[in-house]
């Protein structure tokens with residue numbers, strides 16, 4: 001940072017303090033399970049136990065800059081500091097541009113979600129940054145208004161605008177994410193998930209590449225029936241409908257060969273009474289839904305053992321399906 005820019009920032013800070021304006025904010029965004037098996041690029045839910053943190057400072061210069069990226073996540077230091085190439089940076093650029101702001105943001109990221117894990121790490125960074133930056137606006141926006149900026153940020157990583165990760169992070173719980181809307185869905189309190197992240201990395205672009213070949217119409221129709229059963233099960237709080245509906249016929253069969261140990265981990269979950277299990281997001285993480293926390297906690301070691309037999313260590317998170325939403329952290 002140049003001496004001139006430092007001077008401008010300090011002067012802005014003095015002026016803002018005089019007017020009671022907040023200048024700096026920290027926020028977190030939780031991990032997520034994208035797709036939830038039957039809802040490719042449409043459904044997702046947030047999870048407890050893993051998160052990214054963003055610290056955003058309001059600056060006088062009309063730009064977005066990333067000062068640092070840190071954390072205990074392998075590869076975090078290699079993430080781009082150039083704002084337009086970073087999901088969080090691009091999200092803030094979009095926010096500035098569309099609101100016509102005459103000031104900028106400086107951003108620091110603390111990565112807690114493993115890269116290439118299928119737990120929404122790229123989405124969490126941009127959502128945490130947006131929630132923090134929104135708190136610094138003279139007139140903060142409602143959560144729904146942040147969605148388009150989050151989609152802009154997410155597209156930097158995945159190459160497409162899909163909201164199945166950013167939407168549940170913004171709202172919490174299970175969310176249906178379309179191109180323009182976030183729709184929170186009913187979630188029974190008893191519903192819990194196990195999410196197991198094996199020590200593998202699977203890039204989203206590679207995971208999407210295996211989906212390029214067309215699908216037969218009959219399979220799409222059958223998948224649609226599963227999705228309808230699944231959504232009805234959520235709305236009614238009906239475990240039997242969830243069990244019948246949570247079967248992915250489109251994405252899982254093509255991605256499963258990319259994830260050593262997945263088939264065995266899924267089988268272990270089902271053997272322990274899971275309502276259903278599939279790949280979290282692009283993978284390699286695996287999730288399973290259960291009708292109680294006790295069942296989920298009992299199944300987690302068995303799912304981890306399946307990955308261990310394939311030669312991979314793992315971490316398991318037991319979480320309510322109605323997981324947390326991104327929020328501002330106390331100083």
Any chance residue 214 is under 24 Å from residue 120 (Cα atoms), loosely packed, with under 15 Cβ neighbours inside 10 Å and out of contact with any strand residue (DSSP E or B) (no Cβ under 9 Å at 6 or more places or on another chain): no
Name the one entry in 81, 23 that is in the same structural domain as residue 130 (by TED's automatic domain parsing), at pLDDT 95 or above, in contact with a helix residue (DSSP H, G or I) (Cβ under 6 Å, 6 or more places away or on another chain) and surrounded by fewer than 18 Cβ atoms within 10 Å (Cβ to Cβ). 23
Can you say whether residue 202 is in the same structural domain as residue 255 (by TED's automatic domain parsing), more than 22 Å from residue 105 (Cβ to Cβ), touching a helix residue (DSSP H, G or I) at 6+ places or on another chain (Cβ under 9 Å) and at pLDDT below 95, as far as the supplied structure shows? yes
Just to be sure, is residue 153 outside any loop (DSSP other than H, G, I, E, B) and assigned by TED's automatic domain parsing to the domain that holds residue 39? yes
Being assigned to a loop (DSSP other than H, G, I, E, B) and in contact with a strand residue (DSSP E or B) (Cβ under 8 Å, 6 or more places away or on another chain) is the requirement here; does residue 311 meet it? no
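Of everything in the range 101-110, what is surrounded by fewer than 24 Cβ atoms within 10 Å (Cβ to Cβ) and either under 18 Å from the mean Cα position of the chain (by Cα) or assigned to a loop (DSSP other than H, G, I, E, B) (or both)? Give them in sequence order.
Keep residues of the range 101-110 that are surrounded by fewer than 24 Cβ atoms within 10 Å (Cβ to Cβ), which gives 101-104, 106, 108, 110.
Those that are surrounded by fewer than 24 Cβ atoms within 10 Å (Cβ to Cβ) and either under 18 Å from the mean Cα position of the chain (by Cα) or assigned to a loop (DSSP other than H, G, I, E, B) (or both): 101, 102, 103, 110.
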Look through the range 191-213, keep the residues that are in contact (Cβ under 8 Å) with a residue 12 or more places away in the chain and part of a helix (DSSP H, G or I), and return whichever of them is farthest from residue 265 (Cα to Cα). 205
Collect the residues in the range 115-139 that are surrounded by fewer than 24 Cβ atoms within 10 Å (Cβ to Cβ) and assigned to a loop (DSSP other than H, G, I, E, B), keeping them in residue-number order. 115, 116, 136, 137, 138, 139
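Consider the range 282-308. How many of its residues are assigned to a strand (DSSP E or B) and surrounded by fewer than 16 Cβ atoms within 10 Å (Cβ to Cβ)?
0
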Filter result for residue 169 (closer than 13 Å to residue 39 by Cβ and at pLDDT 95 or above): no
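Condition check ((1) closer than 30 Å to residue 147 by Cα; (2) surrounded by fewer than 16 Cβ atoms within 10 Å (Cβ to Cβ); (3) not assigned by TED's automatic domain parsing to the domain that holds residue 34) across all residues:
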residue	(1), (2), (3)
225	yes, yes, yes
229	yes, no, yes
232	yes, yes, yes
242	yes, no, yes
259	no, no, yes
280	yes, no, yes
Options 47, 93, 66, 53: the member that is over 16 Å from the mean Cα position of the chain (by Cα), crowded, with 19+ Cβ neighbours inside 10 Å and in a strand (DSSP E or B): 66
Tell me, yes or no, whether the range 39-47 has at least one residue that is free of Cβ contacts under 8 Å to residues at least 60 places away in the same chain and in contact with a helix residue (DSSP H, G or I) (Cβ under 7 Å, 6 or more places away or on another chain). no
Please work out which one of (1) assigned to a helix (DSSP H, G or I); (2) in contact with a strand residue (DSSP E or B) (Cβ under 9 Å, 6 or more places away or on another chain) is the condition residue 278 fails and give its number. (1)
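The values are calculated or read from the model by the stated rules, or taken from the named source; none is laboratory data. Keep in mind that what you see is a predicted model, and the values were worked out from it rather than measured. Counting neighbours? That spans all protein chains shown, and the Cβs are built from the backbone with ideal geometry, glycine included.
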